[in-house]
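Below: one structure in structure tokens.
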Amino acid sequence: MHQFINGQRVTANSGHTKRVINPATGETVAEIDEAGADEVDAAVRAARAAVRDWSRATPAERSTVLHRFAQALGERAEEFAQLESQQAGKPIRLTREFDVPGTVDNTAFFAGAARNLEGKAAAEYSPVHTSMIRREAIGVIGSIAPWNYPLQMAAWKMLPAVAAGNAVVLKPAEITPLTSTLFAEVAHGAGLPAGVFNVVVGSGSTAGSALLHHPDVNMLSFTGSTSVGRKVLEAAAGTAKRVHLELGGKAPFVVFDDADLEAAVHGAVAGSLINAGQDCTAATRAIVHRSVYDAFVDGVATLFAKVRIGDTADPGTDMGPLVSMTHRDSVAGFVERARSYARIVVGGEAPGGDHARGSFYLPTLIADVTPAMEVFREEIFGPVLTVTPFDTDDEAFALANDTVYGLAASVWTTDVFRAMRGTREIQSGCVWVNDHIPIISEMPHGGVKQSGFGKDMSTYSFEEYTAVKHVMFDITGDREKAWHRTVFTA
């Protein structure tokens, strides 16, 4: 029973099942029933029935439920950490210290944010009228989440939408659905009314397509690849649905000659290898001043070689496998093709021995990369960092922007003026200075260019999940308004 519809777990009647595989061991974690169009329709109908009352609940009432939800998540943190580690192949240290605490904090944040919907002050913007703003729920939100951060993406999709008074039907990735269903179950147990948050587990071609094209879904929210994001836009066009997209990335990591080189090296290792590089904000393109280029390459290569891969249940493990053998082969393909045009400094292969059971791939550093090369341009989504030299600041910023993506970037310098220029010049939804990756609930996450549009987290996300309504009151009581004469005179 891996569907969560109208406040309870149910079994899909499609007759199709799928195994959830631990990518570190190749062992089966669970066998799930796959939703089809019937389950999606049931979930949307449940959401439609629930949204009227939930959208009219007071902000305090919604906040109270979310506060209880945050507490319940915290109490079951280890359960979520273990399950997330097993289904996604994440090191347990990452799920315990990043995925789960971040989700709990995000939930607590939106519990407070539910009481803080903002709008322009009511006033007489016309001399004879008082205007005010209502910020209202959109209705039923159809959300599709990716496999790289199953729990966190379920939270990022659900929390702002529900805090703003909407109801949600979430389709998680079918290869990593387990924490999403548990997340919904815990939410309901904390007092979220039946139908406000539903989870349908199925393939993109069946459950995903049914959700995208359902006429009673008011908005689509998608996180995933840019290519699939375009299909979401096409589906939304048929009924003019609102769309929120968080898509791919190819984050530049710009290191200037005055940077603290040791800090930059450590930052590059952490920023490129988080979640085995399966992160759309991960550092993927190191753009390094020529005067420190060799030292940077040597430093990163030395640390890459020390990264511990292996048993994801061992707190000492640094990096887990890629999500599947298929994805590992895709990453390996990029690296193999790069051998003919760039320099593989370290890594570049799957480890043998006990690790051969899982979809592991060694941290890989590719040097002497130019903008025309495939590994500079395409999203690899694995533990691969490329390095490209530059000579001038203008060249560095041009290289950073030489991509169709614009999700995240970082600038490494001790010059405050250079840092400020970097935050202005680089076309990206987020620019870190002397760090790369940290996120916080109070600040927005989202991209520009082909990395999508709209924001997750923070109160800025309410812009995505609410409709702004202008309400205007006549304050004169006059039967004949002055403006009437522009239309007729009696």
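Kindly list, by first and then second residue, each pair from a residue in the range 320-338 that is of a type in the set (Asp, Glu) to a residue that is buried (at least 20 other Cβ atoms within 10 Å of the Cβ) and part of a helix (DSSP H, G or I), limited to pairs with Cβ atoms under 9 Å and residues at least 6 apart or on different chains.
So the pair list comes out empty.
Could I ask something else about it? Residues in the range 443-458: is at least one of a type in the set (Ser, Thr, Tyr) and outside the structural domain of PHE110 (by TED's automatic domain parsing)?
No, the conditions are met nowhere in the range 443-458.
Can I ask one more? Could you go through the range 240-254 and let me know if any residue there is among the aromatic types (Phe, Trp, Tyr), in contact with an Asp or Glu (Cβ under 9 Å, 6 or more places away or on another chain) and in contact (Cβ under 8 Å) with a residue 40 or more places away in the chain.
Within the range 240-254, the subset among the aromatic types (Phe, Trp, Tyr) is 253.
The next check asks that each one be in contact with an Asp or Glu (Cβ under 9 Å, 6 or more places away or on another chain); those that pass are none.
No; the residues of the range 240-254 include none that is among the aromatic types (Phe, Trp, Tyr), in contact with an Asp or Glu (Cβ under 9 Å, 6 or more places away or on another chain) and in contact (Cβ under 8 Å) with a residue 40 or more places away in the chain.
Any residue that is within 18 Å of ILE274 (Cβ to Cβ) and surrounded by 19 or more Cβ atoms within 10 Å (Cβ to Cβ) - is there at least one of those in the range 335-344? Full working, then the answer.
So in the range 335-344, the residues within 18 Å of ILE274 (Cβ to Cβ) come out as none.
Within the range 335-344, none of the residues are within 18 Å of ILE274 (Cβ to Cβ) and surrounded by 19 or more Cβ atoms within 10 Å (Cβ to Cβ).
Mind checking whether some residue in the range 50-69 is modelled with pLDDT of 95 or more, farther than 24 Å from MET219 by Cα, within 23 Å of the chain's Cα centre (by Cα) and not in a strand (DSSP E or B)?
Checked against the condition, which is being modelled with pLDDT of 95 or more, farther than 24 Å from MET219 by Cα, within 23 Å of the chain's Cα centre (by Cα) and not in a strand (DSSP E or B), the range 50-69 yields at least one hit.
I'd like to verify a number: residues in the range 100-146 that are closer than 21 Å to GLU463 by Cα, aliphatic (A, V, I, L, M) and either assigned to a helix (DSSP H, G or I) or not assigned by TED's automatic domain parsing to the domain that holds ALA161 (or both), how many?
3
Okay, residues lined up against (1) assigned by TED's automatic domain parsing to the domain that holds ILE21; (2) within 21 Å of THR386 (Cα to Cα); (3) not aromatic (Phe, Trp, Tyr):
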residue	(1), (2), (3)
ASP314	no, no, yes
ASP318	no, yes, yes
ARG328	no, yes, yes
VAL331	no, yes, yes
PRO351	no, yes, yes
TYR361	no, yes, no
ALA367	no, yes, yes
THR370	no, yes, yes
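Right, another one. On the given criteria, is ASP435 surrounded by fewer than 20 Cβ atoms within 10 Å (Cβ to Cβ), over 29 Å from VAL323 (Cβ atoms) and in contact (Cβ under 8 Å) with a residue 60 or more places away in the chain?
So ASP435 fails the test.
What is the one condition in (1) within 30 Å of PHE110 (Cα to Cα); (2) at pLDDT 95 or above; (3) crowded, with 16+ Cβ neighbours inside 10 Å that HIS2 does not satisfy?
Unmet for HIS2, out of (1) within 30 Å of PHE110 (Cα to Cα); (2) at pLDDT 95 or above; (3) crowded, with 16+ Cβ neighbours inside 10 Å: (2).
Grab the strands (runs of 3 or more DSSP E) fully contained in the range 189-269, keeping just those with 1 or more residues being acidic (Asp, Glu).
Result: 242-246.
Given the conditions (1) surrounded by 23 or more Cβ atoms within 10 Å (Cβ to Cβ); (2) in contact (Cβ under 8 Å) with a residue 60 or more places away in the chain; (3) among the β-branched types (Val, Ile, Thr), which single one is not true for THR95?
Answer for THR95: the failing condition is (2).
Same structure again: For the range 282-297, how many residues meet the condition of being in a helix (DSSP H, G or I) and farther than 14 Å from ALA263 by Cα?
Final tally of qualifying residues: 4.
The values are calculated or read from the model by the stated rules, or taken from the named source; none is laboratory data. The structure presented is a predicted model; accordingly, all values stated were derived computationally and were not measured. Methodologically, a virtual Cβ is constructed for each residue, glycine included, from the backbone with ideal geometry; neighbour enumeration extends over all protein chains shown.
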